[in-house]
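First the structure, in the form of structure tokens, and then the observations on it.
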Amino acid sequence: MIETDETLAIPSQPRSDARIQGSPRPAPSGPDAVEPPELVIRPASGWMAINWGEMYEYRELLAFLIWRDISVRYKQTILGSAWAILQPLIMVAIFSFMMRYANIKVPMDLPLIVFVFAALIPWTMFAQGMPAAANSLIQSLHMVTKVYFPRLFLPITAAAVFVVDGALAFLVYGVILFCYGITPQWTIVFLPLLFLLTLIASLSIGVLLAGLTLFYRDFKHIVPFLVQILMYVSGIFFPISMIPEKYHALLSLNPMFGIIDAYRAAILGTPMYWNCFLISSSVAIGLFVFSIYYFRRTERLFADYV
């Protein structure tokens, strides 16, 4: 914010007709003399929202950062982008083995791999994108302190990379559905909306932790435990029908609980628990808005804690 103030003045630039020795000409005196303007640059106060004009102005930088992270993510690796597919496949094998011996009944007699894979793809996006967003400021301290740009780009970039991984994994999931002779439901057209909600859920926690981790480095040790806890209460390897209805609202406070169930309903046509989806989506969006306000409120202090 730039405002006029009389408390602190920024020296004006030397006049073009300054003396040869380099000293500026004395300010004119008399009744017709005009005082140079005095400007004070101060950070905006209060809980600030997103400056959409600034975000739009730097849109090319955001696209470049995302493309940079995507291009270097699997650089100098043997399997390359295949890791985006292998990770959920390995987890599917583990969870399917657990479910088979735990005697967990799958809705509509779906194959275990089909039921679990539909949940693991969004969970993998969240489980990798949220910690990446939370640690984005610490891993880019050289950018935070040396050049100005919207700092919110860092957690957004870190989480958006894993959305691309999720899209690649869904291509493999399509092959699995074909092998089992399962036709996706027409509601699969809502997958882009669910992808967006998954990204919002990742950023809702990741953006908040990004600011907190910079101030208090203890939070970077809490993030892995948080991911592990959320994994067991997100309904990845069990259907919501197994849980008593009185606990649905409580578990839906986890943003991924209702969103993961919505993925299965949209693709496979399993029963849709709208109350869980609406609560989880509302929590994700509400926490996302709060996180952005907190991030913007503390953004001016980032360089002081490096």
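The alpha carbon centroids of segment 106-130 and segment 204-240 are separated by 19 Å. Backbone phi angles across segment 264-279, fed through the Karplus curve with coefficients 6.51, -1.76 and 1.60 (θ = phi - 60°), yield HN-Hα couplings of 5, 5, 5, 8, 9, x, 5, x, 9, 9, 5, 5, 5, 5, 5, 5 Hz in residue order; Gly and Pro are listed as x.
Can you sort Asp261, Asp69 so the residue with the fewest Cβ neighbours within 10 Å comes first? Before the final figure, lay out each step's value.
On the way: Asp261 25, Asp69 17.
In order of increasing Cβ crowding within 10 Å: Asp69, Asp261.
Sequence gap of 8 or more, or different chains, plus Cα separation below 29 Å: how many lysine pairs satisfy both in segment 54-305? Before the final figure, lay out the partial values.
Working: Lys75/Lys146; Lys75/Lys220; Lys105/Lys246; Lys146/Lys220.
Lysine pairs meeting both conditions in segment 54-305 amount to 4.
Sequence-ordered 3J(HN,Hα) estimates for segment 142-154 from the Karplus curve with 6.51, -1.76 and 1.60 and θ = phi - 60° stand at 5, 7, 5, 9, 10, 8, 9, 6, x, 5, 5, 4, 5 Hz, glycine and proline given as x.
Sort the following peptides by mean Cβ neighbour count (other Cβ atoms within 10 Å, averaged over residues), highest first: 175-186, 119-130, 273-284. Can you show the working numbers first?
Details: 175-186: 12.3, 119-130: 25.1, 273-284: 19.0.
Top to bottom by mean Cβ count within 10 Å: 119-130, 273-284, 175-186.
A cut-off of 5 Å between modelled amide H atoms, ignoring neighbours fewer than 5 places along the same chain, links Ile182 with no other residue.
Every number in this text was worked out from the coordinates using simple rules, so none of it is lab data. Small disclaimer: the values here were computed from a predicted structure and weren't measured. Note that we place each Cβ from the backbone using ideal geometry, even for glycine, and neighbour counts take in every protein chain shown.
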